[in-house]
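Everything below concerns the one structure shown next.
No value in this document is a laboratory result; all are computed from the given coordinates. All figures in this text were calculated on a predicted structure; none of them were measured in a lab. Heads up, the Cβs are rebuilt from the backbone with ideal geometry, glycines too, and the neighbour counts pull from every protein chain shown.
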Amino acid sequence: MTSKYDPQSIEKKWQDRWAADHLYEVIEDPRKPKYYALTMFPYPSGDLHIGHWYAMAPSDVRARFKRMQGFNVLHPMGFDAFGLPAENAAIKHGIHPYTWTINNIQRMRSQLRSMGCVYDWTREV
């Protein structure tokens, strides 16, 4: 055991394990009651920040709690790429809105996965 906590290696190990085990993917099971959890989708106009997690954490906690109670929990994630926030940010940075939006969505997906959120990424909206 190392004397210093190395979050990048330890957290990556478990994130890879969760992905390999398909831990948060919903499998139809008629014996379990269903529960649908949804959080507000972030605007892909930049990086995630702590304010996003303040909005997302309650649904993440609730989804985990319902899983522990035996529910078959569907907790999808998506991105609110319609409207002006992403377009205005792209124009401000001199990048085509499509390119800006796709790049931010990819980065946000990575950030959310690194936080260990219980989203079923196979059902991305």
Item to check | Residue that is farthest from Trp121 (Cα to Cα) [pool: residues in region 79-96 that are hydrophobic (A, V, I, L, M, F, W, C) and surrounded by 12 or more Cβ atoms within 10 Å (Cβ to Cβ)] | outcome: Ile91
Checklist entry - When region 47-65 is examined, which residues are found to be touching a Pro at 6+ places or on another chain (Cβ under 9 Å) and free of Cβ contacts under 8 Å to residues at least 60 places away in the same chain? => result His52, Ala55
Item to check | Hits in region 41-56 - residues which are loosely packed, with under 11 Cβ neighbours inside 10 Å and of a type in the set (A, V, I, L, M, F, W, C) | outcome: Ile50
Checklist entry - How about region 66-78: which of its residues are touching a residue at least 40 places away in the same chain (Cβ under 8 Å) and either buried (at least 17 other Cβ atoms within 10 Å of the Cβ) or of a type in the set (A, V, I, L, M, F, W, C) (or both)? => result Arg67, Asn72, Val73, Leu74, His75, Pro76, Met77
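Can you tell me which residue is surrounded by the fewest Cβ atoms within 10 Å (Cβ to Cβ) among those in region 108-119 that are among the small types (Gly, Ala, Ser) and outside any loop (DSSP other than H, G, I, E, B)?
My answer is Ser110.
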Item to check | Check on Glu87, within 14 Å of Met115 (Cα to Cα) and either in a helix (DSSP H, G or I) or among the polar types (S, T, N, Q) (or both) | outcome: no
Checklist outcome for this item: Flagged in region 1-39 as surrounded by fewer than 10 Cβ atoms within 10 Å (Cβ to Cβ), of a type in the set (Val, Ile, Thr) and over 17 Å from Met68 (Cα atoms), in numbering order, are Thr2
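Does His96 fit the bill of being of a type outside the set (A, V, I, L, M, F, W, C), within 18 Å of the chain's Cα centre (by Cα) and more than 30 Å from Asp29 (Cβ to Cβ)?
no
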Checklist entry - Going by the conditions given, is Thr122 under 27 Å from Val26 (Cα atoms), exposed (fewer than 14 other Cβ atoms within 10 Å of the Cβ) and not aliphatic (A, V, I, L, M)? => result yes
Checklist entry - Looking at Pro30, is it in contact (Cβ under 8 Å) with a residue 40 or more places away in the chain and out of contact with any Cys (no Cβ under 6 Å at 6 or more places or on another chain)? => result no
Item to check | Tyr24 among the hydroxyl-bearing types (Ser, Thr, Tyr), assigned to a loop (DSSP other than H, G, I, E, B) and in contact with an Asp or Glu (Cβ under 8 Å, 6 or more places away or on another chain) | outcome: yes
